[in-house]
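Colleague: The structure that follows is given in the form of structure tokens.
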């Protein structure tokens with residue numbers, strides 16, 4: 001069955017003796033404007049055109065329905081407003097929204113239609129203005145509709161909130177969202193999202209946290225809310241709550257991006273769980289979610305390093321260094337190998353660091369001096385220590401070792 005415009009049908013019912021159901025809000029003795037507005041009948045010649053148009057509409061011939069009305073030639077303001085309203089409805093159903101706005105706007109501004117007809121036209125006009133992104137123009141018509149009908153409507157407030165959001169009037173957004181939330185029978189996620197957007201744009205992050213803390217228990221299966229809450233905890237520097245929330249989101253299967261897995265693992269590492277962080281990180285690296293690149297290998301190496309898993313830390317620092325030919329990472333790998341008492345293995349790594357380039361090459365030269373000294377290769381240790389002494393960063397340490405290496409070489413009868 002072809003979808004029909006409810007307001008167009010309502011308009012036709014009005015013509016045929018029916019009416020829109022309306023239950024006014026209880027007011028004082030004075031009547032509401034909608035009740036004061038008397039219904040009228042269109043003139044005889046226009047009525048015939050309207051009936052022909054409606055018949056064509058019922059038969060599914062919308063173009064003919066419109067053409068008949070365009071030939072109606074109404075003689076007075078009421079008949080013109082009535083025809084304009086019908087045309088606006090029909091053009092809206094055709095998807096010709098700009099033309100619909102034109103005719104509906106004329107009918108509304110005439111301010112002469114019967115109570116229910118004027119109310120319905122005003123509401124549809126505001127909706128189409130909103131749809132056509134004429135946000136500033138839509139807002140007053142929504143308020144006029146509520147004033148005319150004496151009806152407070154949560155849906156209308158929500159649409160006003162959309163318009164205020166698009167025009168970045170954040171205080172107004174909060175005002176209408178709070179008003180609507182008091183009226184709804186059940187929680188409305190869209191209204192809470194409006195508040196969240198407003199607080200974020202006002203940089204009132206703690207208030208945004210409060211909104212999310214309300215939303216998460218209401219919609220616990222919405223993973224986006226868990227992630228947003230965790231992110232706002234980070235923004236407000238509540239790292240413990242951020243970790244707990246990320247962890248819950250992870251266990252619920254809501255962390256589906258590399259960035260969120262990385263944030264979780266970094267928080268775990270910062271909270272004395274670097275080994276657990278490494279396991280989660282490498283799991284998602286192996287699954288393909290986290291890219292195998294130098295940056296991520298470096299992050300993984302850092303987790304193992306903090307967990308004192310030295311062989312794994314050295315391995316991944318080396319993989320990161322190799323991908324970018326990064327001298328600083330080779331230096332870090334070599335130091336970890338030396339710390340893990342893999343002195344022989346560390347030597348070629350320190351040489352790679354020098355070949356790749358270092359800001360302070362004396363650092364690698366000094367590490368080589370220590371490695372050769374450990375292996376009792378005093379001549380090599382001496383030459384590396386002298387090179388390290390030429391670097392301002394390592395000069396002092398290297399010079400203090402040179403005399404020690406000389407003494408060791410003398411004792412072992414090694415010529416330097």
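The values are calculated or read from the model by the stated rules, or taken from the named source; none is laboratory data. Every value quoted in this text rests on a predicted model; they were computed, and no experiment measured them. Neighbour counts are summed over all protein chains in view; Cβ atoms, including those assigned to glycine, are modelled from backbone coordinates with ideal geometry.
Colleague: With respect to residue 158, is the statement that it is assigned to a helix (DSSP H, G or I), surrounded by fewer than 16 Cβ atoms within 10 Å (Cβ to Cβ) and either in contact with a strand residue (DSSP E or B) (Cβ under 8 Å, 6 or more places away or on another chain) or touching a residue at least 24 places away in the same chain (Cβ under 8 Å) (or both) true?
Modeller: Considered against the rule, which asks whether it is assigned to a helix (DSSP H, G or I), surrounded by fewer than 16 Cβ atoms within 10 Å (Cβ to Cβ) and either in contact with a strand residue (DSSP E or B) (Cβ under 8 Å, 6 or more places away or on another chain) or touching a residue at least 24 places away in the same chain (Cβ under 8 Å) (or both), residue 158 comes out as no.
Colleague: May I pose another question? Tell me the helices (runs of 4 or more DSSP H) entirely within segment 300-416 that contain at least 1 residues that are within 50 Å of the chain's Cα centre (by Cα) and either modelled with pLDDT of 95 or more or farther than 28 Å from residue 269 by Cα (or both).
Modeller: In segment 300-416, 310-324, 327-339, 343-356, 362-374 are the helices (runs of 4 or more DSSP H) which contain 1 or more residues that are within 50 Å of the chain's Cα centre (by Cα) and either modelled with pLDDT of 95 or more or farther than 28 Å from residue 269 by Cα (or both).
Colleague: Let me ask something else about it. If residue 92 satisfies every condition in (1) surrounded by fewer than 20 Cβ atoms within 10 Å (Cβ to Cβ); (2) within 26 Å of residue 131 (Cα to Cα) but one, which is the exception?
Modeller: Looking at each condition in turn, residue 92 falls short on (1).
Colleague: Sticking with this structure for a sec: Just a yes or no: is a residue in segment 259-269 more than 26 Å from residue 290 (Cα to Cα), more than 18 Å from the chain's Cα centre (by Cα) and buried (at least 16 other Cβ atoms within 10 Å of the Cβ)?
Modeller: Checked segment 259-269: no residue is more than 26 Å from residue 290 (Cα to Cα), more than 18 Å from the chain's Cα centre (by Cα) and buried (at least 16 other Cβ atoms within 10 Å of the Cβ).
Colleague: Take the residues in segment 238-259 that are in a helix (DSSP H, G or I) and touching a helix residue (DSSP H, G or I) at 6+ places or on another chain (Cβ under 6 Å); name whichever of them is nearest to residue 284 (Cα to Cα).
Modeller: Ranking the candidates gives 250 first.
Colleague: Scan segment 96-114 for residues that are in a loop (DSSP other than H, G, I, E, B) and farther than 14 Å from residue 66 by Cα and jot them down.
Modeller: Passing the criteria: 111, 112, 113, 114.
Colleague: Can you tell me which condition residue 326 does not meet? The list is (1) touching a residue at least 12 places away in the same chain (Cβ under 8 Å); (2) out of contact with any helix residue (DSSP H, G or I) (no Cβ under 6 Å at 6 or more places or on another chain); (3) within 30 Å of residue 292 (Cα to Cα); (4) surrounded by fewer than 21 Cβ atoms within 10 Å (Cβ to Cβ), and all the others hold.
Modeller: Against the list (1) touching a residue at least 12 places away in the same chain (Cβ under 8 Å); (2) out of contact with any helix residue (DSSP H, G or I) (no Cβ under 6 Å at 6 or more places or on another chain); (3) within 30 Å of residue 292 (Cα to Cα); (4) surrounded by fewer than 21 Cβ atoms within 10 Å (Cβ to Cβ), residue 326 comes up short only on (4).
Colleague: Between a residue in segment 243-256 that is under 7 Å from residue 226 (Cβ atoms) and any residue that is in a loop (DSSP other than H, G, I, E, B), which pairs come within a Cβ distance under 8 Å, given they are 6 or more apart or on different chains?
Modeller: That search, which allows pairs on different chains as well, returns 249/255.
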